[in-house]
Amino acid sequence: MPLALEAALLELGRLLLDQPLPAVLRRVADLAVESVPGADDVSITLLRKGEPQTVVFHGALAAELDERQYGLGYGPCVAAAQAGATVRIDDTAGDDAFPHFSAVAARRGVRSVVAVGLPDPDRCQGAINAYCLAATGRQAVPEEAQRALELFAQYAAVALGNAAALARAGERAQNLQVAMQSRAVIEQAKGVLIARHGLDAEAAFEHLALLSQRANRKLRDIAAEIVDGARSAAGR
């Protein structure tokens, strides 16, 4: 195992849980280029609600060819992400598996492609994609490079899964905080309406809902205006 790959795997294992997902994605892509021979351009595809997206790339050509696959609805990166397996094109000029994509890739100077599906789809479903450029003189991504990329993907899946879980937890916490704040201001607005119009709690909420519907605005925004208006009136 090349020392560079050993160092990359060691760093992947040390990626901190408190790092945001974009930073982890960027470092994973950079490490792949630095440590896997034949990976001239690299991208990471993640499936979000079944739809593939390139979340980070090293080399604009990788992003361009990823997007071409998404537009076609198939390609090595899409297939690898969906199956959690390795998909390889040795020669884009003579490929029959993905002919439309391969023809475009060949015209853009890509000789071969290896896409390795992440091995833990329950936590993070996607693929690491390596593009070998014809200008480098290599005939294809070397077999040892594919094995290195597959090993790299195992370590990367853990780092990406941890970062994705952290991002989801943060999003849930933020949504919960927003919901609690919205509920608080709605309850305050109900109190204003109860005091102002002699309504009960249910009628006050129905009044808020009616105002929201008529104005085509969010209930919490209507409630916030009522509360702010009451505070302003009290301060006069």
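The values are calculated or read from the model by the stated rules, or taken from the named source; none is laboratory data. The model shown is predicted, which means the values in this text are computed figures rather than measured ones. Every residue, glycine as well, gets a Cβ built from its backbone with ideal geometry; the counts of neighbours run over all protein chains shown.
Suppose we filter region 66-77 for residues that are crowded, with 18+ Cβ neighbours inside 10 Å and part of a loop (DSSP other than H, G, I, E, B); how many remain? Don't jump to the end; show me each part of the working.
Restricting attention to region 66-77, the residues satisfying the condition of being crowded, with 18+ Cβ neighbours inside 10 Å are 66, 69, 75-77.
Those still in the list that are part of a loop (DSSP other than H, G, I, E, B) too: 75.
Here the count works out to 1.
Go through (1) in a helix (DSSP H, G or I); (2) touching a Leu at 6+ places or on another chain (Cβ under 9 Å); (3) surrounded by 24 or more Cβ atoms within 10 Å (Cβ to Cβ); (4) not small (Gly, Ala, Ser) for Leu149 and report which single condition fails.
So Leu149 meets the others, but not (2).
Working carefully through the options Leu15, Leu10, Leu5, find the one that is within 15 Å of Ala148 (Cα to Cα), modelled with pLDDT under 75 and buried (at least 19 other Cβ atoms within 10 Å of the Cβ).
Values: Leu15 fails: within 15 Å of Ala148 (Cα to Cα); Leu10 fails: buried (at least 19 other Cβ atoms within 10 Å of the Cβ).
Testing whether each residue is within 15 Å of Ala148 (Cα to Cα), modelled with pLDDT under 75 and buried (at least 19 other Cβ atoms within 10 Å of the Cβ) leaves just Leu5.
Please work out if Ala83 is surrounded by fewer than 17 Cβ atoms within 10 Å (Cβ to Cβ) and among the hydrophobic types (A, V, I, L, M, F, W, C). Give the derivation first.
On the way: surrounded by fewer than 17 Cβ atoms within 10 Å (Cβ to Cβ): yes; among the hydrophobic types (A, V, I, L, M, F, W, C): yes.
Yes: the conditions hold for Ala83.
Just to be sure I understand, how many residues within region 207-236 are among the polar types (S, T, N, Q) and over 38 Å from the mean Cα position of the chain (by Cα)? Write out each step before concluding.
Our first condition is that a residue be among the polar types (S, T, N, Q); within region 207-236, this holds for 212-213, 216, 232.
If we keep only those that are over 38 Å from the mean Cα position of the chain (by Cα) as well, we get 232.
Going through region 207-236 one residue at a time, the tally reaches 1.
For region 78-107, give me each residue that is in contact with a Pro (Cβ under 7 Å, 6 or more places away or on another chain) and assigned to a helix (DSSP H, G or I).
Within region 78-107, Val78, Ala81 qualify.
Got a number for residues in region 43-62 being within 10 Å of Asn129 (Cβ to Cβ), modelled with pLDDT of 90 or more and aliphatic (A, V, I, L, M)?
1
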